[in-house]
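S.K.: Pasting a structure below so you can have a look.
The values are calculated or read from the model by the stated rules, or taken from the named source; none is laboratory data. These numbers come from a predicted model, not from an experiment. Cβ placement follows ideal geometry from the backbone for every residue including glycine, while neighbour counts extend to all protein chains displayed. Accessible surface is based on the protein model in full, side chains and every heavy atom, while ligands, DNA and RNA are left aside. Shrake-Rupley method; radii C 1.70, N 1.55, O 1.52, S 1.80 Å.
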Amino acid sequence: MPTDFTLNGKPASFDGDPETPLLWVLRDHLGLTGTKYGCGIAQCGACTVHLEGKNRRSCVTPVGMVAGKKVTTIEGVEGAEAKAVQKAWVAIDVPQCGFCQSGQVMSAIGLLKAKKKPSDTDIDNAMAGNLCRCATYVRIRQAIHDAAAMVEG
Amino acid sequence: MNAITPTRRGLLKSTGLVLGVALPAAGRAARALPDAPFAPNAFVRVSPDNLVTIIIKHVEMGQGPATGLATIVADEMDADWSQVRVEFSPANDALYKNLYFGTMGTGGSSAIANSWEQMRGAGASARAMLAEAGAKRWGVAVGEVKVARGVVSHGDNKASFGELAGEAALLKPPEKPVLKTPDQFTLIGRDTPKIDSVAKSTGAAQFTMDVRRPGMVYSAILHPPLFGGKVGKVDVSAAMAVNGVLGVKPIPQGVAVYARDTWAAMQGRAALRVEWDLSKAEKRSTEELYAQFAEKTEEPGVQVEASGDAKAAFKGAAGKLEAVYCFPYLAHAPMETLDAVIEMQGDEVHVWMGSQFQVGEMGAIAAVLGVKPDKVVLHEQYAGGSFGRRVSPGMEFGVEAASVFKAWGGKVPVKHVWTRENDLMGGFYRPLVVHTVRGGLDGNGEIISWDHVVAAQSAFKGTPMEFMGIQKGIDGSITEGAAESSYRFPNHYVGQHIMEGGVPTLWWRSVGNTHTAYAMETFLDQMLERGKKDPVEGRLALMHDERMKAVLRKAAEIAKWGSKPPEGRARGVAAHFSFGTYVAQVAEVSKGPDGLPKVHKIWCAVDCGVAVNPNIIRAQMEGGIGYGLGHALYGEIVLGEGGIVQQSNFDTYRSLRIGEMPEVEVAIIESGAHPRGVGEPGLPPVAPAVANAWRNLTGKVVRRLPFSVGGRV
């Protein structure tokens, strides 16, 4: 039986093993490659998506678990927080290699949705699961603060 | 928002076109068609829709050459930055070789350094031809024509680059284009926005792992559990039972699993039952290797550098210090694991990857597939990090991907992707290294002898590049930074032993400097303390290069060296020259709850010659510091009992996380010197600066890395 869910606001379906991680359904079957593979064991955060608006590691999320639910990926993310985060990211040139940045951006948006004005400690806690081997962390922190200020207006 | 995104579709379509219309060796402009692009040389194309496309000959793996090289061309050309796009070049040494290497390649922090004059000439040439086209159109002298921000003008006459493209294409490129004087630069020296930030902040940037081809199958591979192991008997039944698995093929590198998607390939890989032939495999553990290497460093080895008599001076010294340093194997672990997509199109092999040795690697793929090298077409992709991992003298990954493709018949497109376990357990590590250092002081606390022996494997040994990398028994990359250091000692010896080992090793961000800077700068710090010298003043007195001294003074100045650090904190300093660039750093640390250094701030001064893009230089210093610090604190690949790698994923190969990243303040020395690299030189000073601060704070001397093993208090 296919797994039906809402992906970036539109109906989506996967006809295969419901144990297949959402990450590979998105990338290999639905053609949304903005969400990345980095470790496969929820240690790096490159695969972060939003499930019902909350941060979720898609590499350890069986697609069967999202049946009937709303999934948002970097390709479909929208709203004031998303706009602010991506604008802040570009303004100070956060990305280096860029491979982890979809996950960083998704986690940052999730953080700002949950907390309007995060402290450094809030950022450390919320972003601890997102590795960046290029170590763009100084700018990630700055961009989150900048985005929070933008959302506040 | 000033959104600048490279046209990915253009990139995929275009690589042949560039070659077709732009042959600078012929010294002739492209044939003129009404809407033909103006392609005066192999690096610039102006299309009638007023886009300026700049061809990038280096791999973009985060270090910034796509922006940096485009900046240099666009500045000399007087293009407007908003009209600039980039494409990665095809694999072609005649047009796109690294001028330092003689073949295409990105490494040694050389992308800007080797291309500086070349890119300036390419831009200046295009500018001259566009100016001439304007002059001809308006019937005025070319000297009276102005070019600025993508517009050619004379009085009231104005034309965009795009409007003049067709006419400029009819002209001959100047023999010797006139370059700007530095005061005329409009983009160089400024924080020109990075050309890939939008694509990389929106998920739109395409990496090799994102490439999809019609009918493509997905492959995963299981490697032998020990280095030097070989495939024996394979039981494929469990793997074949995995839904979506299409087949299993043993190849020389391991056992490949082919499937309908990546997940099925990975599941099939996990289900493989293989009897390995481990008779010739490397079975020594890290501990055994350390002991054997350390013993070797008691012998002088091959002399790399010597002055006076270090041994005799040490014998008679009033004060003595001896140290053995142990550095573990380190994995590069780029966020994007190694990957490639290969497809046959007619008699051509098309390859999508982020190769760092484009021509060499395509040649290796051609050899595996039995085609001529000119039948392999590379579609160079953004690389999701590398740190040295996407470049190896034996082109082993390209060879493996081609072997996987060939074993499946060579007709169906194959995407070959490594798991993180393949990556961390797959070798090609920063070598395991042991240093033994002996230093002597006279009665006044002056350093009179420095005797330094290094034992390590060579990344060149046994590869096609051995003849280049090892000369007269010396692999310079093992002792670089200890030899030809920033300091002068009256009696000085540097020797090296090239050790045999079955673990494949490789260059890793800043190569030998990863360990030589640590040994030099921590040992020197202790020697200066024994000689009752200030760490900054003491170093300055031993330095012989004014640029190095200026960088150290600058780092000390911005860190307010000599002022009292906040309660519970201490500072340490280190300086190191690598890849033509001078860097000094001051670290401020306290004791973290885990008994490891909590690094609060790094002050960093850098002199890399002309600062093409200060923002990227700062970013590379931040990145080098973060990468260096993470590995200094936590990084090690350990060979356990019997030689089995103990780390397999990011749960066991601990990476720096955001809360552990210090604040970083960077000062760039203003310089008119030829620009040099910044991808690597930010890394070497950070670990010794932190170690020196840690010793000042706790008294703990750390000689075995990482700190989590040798530095906990």
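S.K.: Take the residues in region B:553-576 that are hydrophobic (A, V, I, L, M, F, W, C) and in contact with a helix residue (DSSP H, G or I) (Cβ under 6 Å, 6 or more places away or on another chain), then tell me which one is most open to solvent (accessible area, probe 1.4 Å). Give the derivation first.
M.R.: Step one: filter region B:553-576 for residues hydrophobic (A, V, I, L, M, F, W, C), giving B:555-556, B:558-559, B:561, B:570, B:573-575.
Going one step further and asking which of them are in contact with a helix residue (DSSP H, G or I) (Cβ under 6 Å, 6 or more places away or on another chain), we end up with B:556, B:561, B:570, B:573-575.
On the way: B:556: 14, B:561: 62, B:570: 11, B:573: 2, B:574: 0, B:575: 3 Å².
Applying the filter and picking the extreme gives B:561.
S.K.: Checking the condition over 17 Å from residue A:7 (Cβ atoms), modelled with pLDDT of 95 or more and surrounded by 16 or more Cβ atoms within 10 Å (Cβ to Cβ), which residue from A:114, A:108, A:128, A:82 passes? Don't jump to the end; show me each part of the working.
M.R.: On the way: A:114 fails: surrounded by 16 or more Cβ atoms within 10 Å (Cβ to Cβ); A:128 fails: surrounded by 16 or more Cβ atoms within 10 Å (Cβ to Cβ); A:82 fails: over 17 Å from residue A:7 (Cβ atoms).
Answer to the check: A:108.
S.K.: Has region B:154-174 got any residue that is open to solvent by less than 60 Å² (accessible area, probe 1.4 Å), within 14 Å of chain A (Cβ to nearest Cβ), in a strand (DSSP E or B) and touching a residue at least 40 places away in the same chain (Cβ under 8 Å)?
M.R.: no
S.K.: Okay, next question. When you go through (1) touching a strand residue (DSSP E or B) at 6+ places or on another chain (Cβ under 9 Å); (2) away from chain A (no Cβ under 14 Å); (3) in contact (Cβ under 8 Å) with a residue 40 or more places away in the chain one by one for residue B:237, which number turns out not to apply?
M.R.: (3)
S.K.: Next question. Among the candidates B:248, B:349, B:341, which residue alone is within 14 Å of chain A (Cβ to nearest Cβ), crowded, with 17+ Cβ neighbours inside 10 Å and among the β-branched types (Val, Ile, Thr)? Can you show your working first?
M.R.: Working: B:248 fails: within 14 Å of chain A (Cβ to nearest Cβ); B:349 fails: within 14 Å of chain A (Cβ to nearest Cβ).
That would be B:341, the only listed residue that is within 14 Å of chain A (Cβ to nearest Cβ), crowded, with 17+ Cβ neighbours inside 10 Å and among the β-branched types (Val, Ile, Thr).
S.K.: Which of the residues belonging to region A:123-153 are outside any helix (DSSP H, G or I), more than 7 Å from chain B (Cβ to nearest Cβ) and among the charged types (D, E, K, R)?
M.R.: Passing the criteria: none in range.
S.K.: Which one of these is in a loop (DSSP other than H, G, I, E, B), within 12 Å of chain A (Cβ to nearest Cβ), buried (at least 22 other Cβ atoms within 10 Å of the Cβ) and at pLDDT 95 or above: B:200, B:194? I'd like the intermediate steps shown before the answer.
M.R.: On the way: B:200 fails: in a loop (DSSP other than H, G, I, E, B).
Residue meeting the stated conditions: B:194.
S.K.: For residue B:462, only one of the following conditions fails: (1) at positive phi; (2) touching a Lys or Arg at 6+ places or on another chain (Cβ under 7 Å). What is its number?
M.R.: (2)
S.K.: Additional query: Could you check how many residues of region B:655-695 are of a type in the set (S, T, N, Q) and crowded, with 19+ Cβ neighbours inside 10 Å?
M.R.: Initial filter on region B:655-695 (of a type in the set (S, T, N, Q)): B:655, B:671, B:692.
Right, trim to crowded, with 19+ Cβ neighbours inside 10 Å and you get B:655, B:692.
Total meeting the criteria: 2.
S.K.: Checking residue B:303 against (1) farther than 30 Å from residue B:101 by Cβ; (2) open to solvent by 50 Å² or more (accessible area, probe 1.4 Å); (3) not aromatic (Phe, Trp, Tyr), only one condition comes out false. Which one?
M.R.: (1)
S.K.: Next question, about the same structure. With the checklist (1) open to solvent by less than 10 Å² (accessible area, probe 1.4 Å); (2) not assigned by TED's automatic domain parsing to the domain that holds residue B:638 in hand, flag the one item residue B:439 doesn't pass.
M.R.: Looking at each condition in turn, residue B:439 falls short on (2).
S.K.: From the list B:205, B:135, which residue is among the aliphatic types (A, V, I, L, M), open to solvent by less than 40 Å² (accessible area, probe 1.4 Å), without any contact (Cβ under 8 Å) to a residue 40 or more places away in the chain and in contact with an Asp or Glu (Cβ under 8 Å, 6 or more places away or on another chain)?
M.R.: Details: B:205 fails: without any contact (Cβ under 8 Å) to a residue 40 or more places away in the chain.
So the residue among B:205, B:135 that is among the aliphatic types (A, V, I, L, M), open to solvent by less than 40 Å² (accessible area, probe 1.4 Å), without any contact (Cβ under 8 Å) to a residue 40 or more places away in the chain and in contact with an Asp or Glu (Cβ under 8 Å, 6 or more places away or on another chain) is B:135.
S.K.: Then there is this: Within region B:409-420, identify whether any single residue is in contact with a helix residue (DSSP H, G or I) (Cβ under 9 Å, 6 or more places away or on another chain), among the hydroxyl-bearing types (Ser, Thr, Tyr), assigned to a loop (DSSP other than H, G, I, E, B) and open to solvent by less than 20 Å² (accessible area, probe 1.4 Å), and answer yes or no. Even if it seems obvious, please write down each step before you answer.
M.R.: As a first pass, look at region B:409-420 and keep what is in contact with a helix residue (DSSP H, G or I) (Cβ under 9 Å, 6 or more places away or on another chain): B:410, B:412-419.
Still in the running and among the hydroxyl-bearing types (Ser, Thr, Tyr): B:419.
With assigned to a loop (DSSP other than H, G, I, E, B) added as a condition, the list becomes B:419.
Pick out the ones that are also open to solvent by less than 20 Å² (accessible area, probe 1.4 Å) and you get B:419.
Taking every residue of region B:409-420 in turn, at least one turns out to be in contact with a helix residue (DSSP H, G or I) (Cβ under 9 Å, 6 or more places away or on another chain), among the hydroxyl-bearing types (Ser, Thr, Tyr), assigned to a loop (DSSP other than H, G, I, E, B) and open to solvent by less than 20 Å² (accessible area, probe 1.4 Å).
S.K.: Still on this structure, I have one more. Could you grab the pairs with beta carbons closer than 9 Å, sequence gap of 6+ or different chains, first residue in region A:27-38 and at the interface with chain B (Cβ under 7 Å from one of its Cβ atoms) and touching a residue at least 40 places away in the same chain (Cβ under 8 Å), second one open to solvent by 20 Å² or more (accessible area, probe 1.4 Å) and not hydroxyl-bearing (Ser, Thr, Tyr)?
M.R.: Final answer for the pair search is A:34/A:75; A:34/B:204.
Conditions (1) more than 30 Å from residue B:374 (Cα to Cα); (2) assigned to a loop (DSSP other than H, G, I, E, B); (3) out of contact with any Gly (no Cβ under 7 Å at 6 or more places or on another chain); (4) in the same structural domain as residue B:491 (by TED's automatic domain parsing), marked per residue:
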site	(1), (2), (3), (4)
B:242	yes, yes, no, no
B:264	yes, no, no, no
B:290	yes, no, yes, yes
B:294	yes, no, yes, yes
B:299	yes, yes, yes, yes
B:303	yes, no, no, yes
B:313	yes, no, no, yes
B:323	yes, no, yes, yes
B:343	no, no, yes, no
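S.K.: Could you check how many residues of region B:509-532 are buried (at least 20 other Cβ atoms within 10 Å of the Cβ), of a type outside the set (S, T, N, Q) and in a loop (DSSP other than H, G, I, E, B)?
M.R.: Adding up the residues that qualify gives 3.
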